[in-house]
Amino acid sequence: MNGPDTFPWRRLDPRTLLVHCGWMAAPLGSLALTALATGGRITTEAWITLIALGASFAAVTLAGLVRWARTDFRVTADSFEVRSGLLTRRLRSVPLHRIRTVDLTATPLHRVLGVTVLRAGTAGSGERGGELSLEALRVAEADRLRTELLARSGAGAGGEDPVLARISWRWLRYAPLTFWVVGGVFVAAGSAYRALDGIGIEPWKIGFVQRAFLEFGNSMLWLTIPAALLAVLALGSVGAVILYVENWWQYCLEWTDAQTLRVRRGLFTTRSVTIERARLRGVLLREPLLLRAGGGALVRAVAGGLGNREENRRRSGLMPPAPRRDALRVASGALRSPQSPFSAAELTPHPRVALRRRRVRGLLFAVLPGTVVLLVLGVVLRGVLGDSGTRVLLHSAWIYALVSMLVVLWLARDAYRSLGHGIHGRHLVIRSGTFSRDTLALQRDAIAAWTFTTSPFTRRAGLVTLTAAVAAGEDGYRLPDLAAGAAPALAAAAAPGILEEFLVQPGAVPSGEALPGRHRADPLRSR
C-alpha cells in the first residue's frame, strides 16, 4: 500500500512572483505616454500615481510571495490535489478519471520567463469552479505533468495516430474574409480613443486629426467616402492577417494517442489544448458569409470540460479559416466515424413556409424601418432642408427600399436553402444560418433532453423549433422551423428513450381522454 510520502508535494516555479507583477505594464505605459504628451513634465497627479504604483508593487509582491510559498500540488494514485491559502488552508482534489482536458497557455510574459499556465478541465466543468489551475510552471515540468495526468486518467492507451492538419500559409488568403476586417478597425479605434482619453489626451483636439476631418469635409464626398472605405478595408485586412498569424502560428492538430486529440498554436500567446475522445460530442463546420463566398470554412469542437461559454469559444477551435475541402477532412478525422456525416449527399429540407417567415421578418425588421425613417425625415425637415433636400430624402427612401428588399429576399432564400437535418449513423446532422452557415454533426447518444419551442406565429405556420440539450459546447443546439408533425418523430429517432413515454401511438387513446370511436391525433402530449 502506498504511504503518504509516496506522492510528494511539489511547488510552483519561483518566477510566479514576476508573473504577478505583469499588471504594472499598462499603468507604467500610460505614465510614459503622458510624459511624452506633456513634453516630459511630471504633474502632481503623475507623482501620486507613481507612489500608488510603488505601494501596489510592494503589496502585490508580498501577496505573490505568500501565494507561492503556500501553494503546492501533487498527483496521487487516483487524484490530482492542490493546496493553497495562508490562514485558511484549502485542499482541492479531483479524481484522475474525471480530468478531460489539460490546457497549457503562455502569454508573452510567460514565454519570456520560460513558464506556462496549466489548467486541468474536469467532467462537467462548465464553470471555472470545476477547473484546477497552476499559475506558473516550467515548460518542461508542465509538459511532464500534462502527460502524467492524461496517462493516469486512462486517456493514454493506444498507439500513434496521424496528424490531422498543420498550418499552411496559403490559408492566409482566408484571413480577411471575416467580420473583423471591418469591425476590428472600429474596435481598435475605440480602444485607442479610450486609452488616450484615460491619460488626459482628447483625440479630437489633436492637430492632425482636426486637419484630416476638415480636409475630408471639404473634399468631394463621392471620392473621399469610397477612399475611406478602402482604407478601412486595407487596415482591417492587415490586422486580420496579423491576428491570424498570432493565433495560428505553428498550428498542429493531432491524435497524440487513440484517446487524446491535441491542438497546438500561437505565436506570442501559445496554447496547447487536449480533448479526450470520450468528451468529444461532435464537430461544428462554420462558414461565415464572406468566408463561404471565398470557398473557406473553419472547424470547432463540441466537447465537455472546456470551461464556461467564453472559455469554450476560445479553446474549442480545431482549425483556422481554411479551404472547405481541408475543413471537411479535418472535421471527419476528428469524429473518427466510419462514414463521415459531412459527406452526406443531401439533408432533409424544412417546410416551404420557413422561407416565407424569413422573407416577412427581413421586410419587417430591415426594409420597413429604414424606409419609414427616410420618408418621415423628408416630410418633417422640409422647412429646414427645403424642396431639394426633401426630394433627396424621398428618393433615398425608395432607393433604399428597393435595394434592401432585393438583398433581404436573396438572404432569405439563402437562409432557407441552408436549412436541413438528417440522421447519419451515430450522428445527428443540423445545418442552418446564412451570415454564418453552421453544419453540426452531433453524437446522438450525447443528447440529454429535447425542448420544443413555438410562438403564436410559428404555431399558425405549423412549425416548431427543436433544441437538443447537450452537456458540451453551447449546451443546446437548435433545429429551427421544423414541421410540427415531424419534429417528435425526428427527436425520438435521433435520441431514443427520451420522448417515447410522451408519444401517442396511432390508434392509442391517452388515459382520461377516451371517447367512443375516436382517438387523439396529436403526436406529442404533455404529462
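The values are calculated or read from the model by the stated rules, or taken from the named source; none is laboratory data. Computed from a prediction, not measured in an experiment: that's the story for all the values here. Note: ideal-geometry Cβ built from the backbone for every residue, glycine included; neighbour counts use all protein chains shown. Only protein heavy atoms, including side chains, enter the accessible area calculation; ligands, DNA and RNA are left aside. Shrake-Rupley method; radii C 1.70, N 1.55, O 1.52, S 1.80 Å.
Quick look at the values:
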quantity: Near pairs, Cβ below 7 angstrom, 6+ apart or cross-chain, from the range 307-327 (part of a helix (DSSP H, G or I)) to any residue that is modelled with pLDDT under 90; calculated: R309/E474; N312/L306; N312/G473; R315/D103; R315/V273; R315/L306; R315/G307
quantity: Condition check for T101: under 36 Å from the mean Cα position of the chain (by Cα), at pLDDT 70 or above and open to solvent by 40 Å² or more (accessible area, probe 1.4 Å); calculated: no
quantity: Residues located in the range 325-362, provided they are open to solvent by 60 Å² or more (accessible area, probe 1.4 Å) and aliphatic (A, V, I, L, M); calculated: A345, V360
quantity: Selected residue (criterion: most open to solvent (accessible area, probe 1.4 Å)) from residues of the range 138-162 that are among the basic types (K, R) and modelled with pLDDT of 80 or more; calculated: R144
quantity: Strands (runs of 3 or more DSSP E) wholly inside the range 428-493 that include at least 2 residues being aliphatic (A, V, I, L, M), touching a strand residue (DSSP E or B) at 6+ places or on another chain (Cβ under 6 Å) and surrounded by fewer than 16 Cβ atoms within 10 Å (Cβ to Cβ); calculated: 447-453
quantity: Subset tally (residues that are among the aliphatic types (A, V, I, L, M) and part of a strand (DSSP E or B)) for the range 248-271; calculated: 3
quantity: Leading residue by the ranking (farthest from L132 (Cα to Cα)) among those in the range 66-98 that are at pLDDT 80 or above and in a helix (DSSP H, G or I); calculated: A69
quantity: Residue match in the range 112-122 (condition: modelled with pLDDT under 75, surrounded by fewer than 18 Cβ atoms within 10 Å (Cβ to Cβ) and either under 23 Å from N312 (Cα atoms) or aromatic (F, W, Y) (or both)); calculated: no
quantity: Single match in S418, S404 (criterion: at pLDDT 90 or above and touching a Ser or Thr at 6+ places or on another chain (Cβ under 7 Å)); calculated: S418
quantity: Residue among G190, G207, G184 that alone is open to solvent by less than 50 Å² (accessible area, probe 1.4 Å), modelled with pLDDT of 70 or more, of a type in the set (G, A, S) and over 30 Å from L318 (Cα atoms); calculated: G190
